[in-house]
Amino acid sequence: MNDQAIMENLLLTTKGVCDLYMHGTIESSTQNVHCAFDQALGESLCMQDGLYKKMAAQGWYASEQAPQQQIDKVRNKFANA
């Protein structure tokens, strides 16, 4: 397994963990549980951001800028809702 595949697996796993922690935060029944999940979510989001930045720096996570016309169309759609 090469470095890119390892980083992709780490990123996907971290995204999945973030999703679980988010739902745990939302669904928690006590303040202590809520705080524990919320803290874990924050740490996981920071980890996800770091992984993304490292992958983007290597050219392993390509992203493209949306055309301004598309951005304006979506903005207007929700502004009028």
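Could you give me the percent of Cα pairs per 10 Å distance bin for the chain, shortest bin first, beginning at zero and ending with the bin that holds the maximum distance?
17, 28, 26, 26, 3
If the only charges are +1 at each Lys and Arg Cβ and -1 at each Asp and Glu Cβ, what is the size of the charge dipole of the chain around the Cα centre, to the nearest 20 debye? List each step's numbers first, then the result.
Details: 6 positive and 9 negative charges, 64 e Å.
Using Cβ point charges on Lys, Arg, Asp and Glu, the chain gives about 300 debye.
Rounded, prolate or oblate, given the Cα gyration tensor of segment 1-45, with a/c below 1.5 counting as rounded?
Prolate, because a/c is 1.5 or more and a/b exceeds b/c.
I need the phi-derived Karplus couplings for segment 30-36: 6.51 cos²θ - 1.76 cosθ + 1.60, θ = phi - 60°, integer Hz, Gly and Pro marked x.
10, 5, 4, 5, 4, 5, 5
Kirkwood Rh over alpha-carbon pairs of segment 36-81, then Stokes-Einstein at 25 °C and 0.890 mPa s: what D in µm² s⁻¹, rounded to an integer?
The estimated diffusion coefficient comes to 183 µm²/s.
As I understand it, the dipole of the chain uses +1 on the Cβ of Lys and Arg and -1 on the Cβ of Asp and Glu, about the Cα centre. Which of Ala81, Asn32, Gln58 lies farthest toward its positive end?
Checking the options against the dipole of the chain, the answer is Ala81.
If you count only protein heavy atoms with a 1.4 Å probe, what accessible area per residue comes out for the chain, rounded to a whole Å²?
Per residue, the chain has an accessible area of 80 Å².
Accessible area of the chain with a 1.4 Å probe: how many percent of it is carbon plus sulfur? Display every interim value, and only then the final one.
Values: 3590 of 6470 Å².
Here carbon and sulfur together make up 55 percent of the probe-accessible area.
Could you give the length gained by full extension between Cys46 and Gln58, i.e. 0.36 nm per residue of separation minus their alpha carbon distance, to one decimal place?
This chain segment gains 2.5 nm when fully extended.
The values are calculated or read from the model by the stated rules, or taken from the named source; none is laboratory data. Fair warning: this is a prediction, and the values are worked out from it, not measured in the lab. In this analysis, Cβ positions are derived from the backbone assuming ideal geometry, glycine residues included, and neighbour counts consider all displayed protein chains. Note: areas computed on protein heavy atoms with side chains; ligands, DNA, RNA excluded. Shrake-Rupley method; radii C 1.70, N 1.55, O 1.52, S 1.80 Å.
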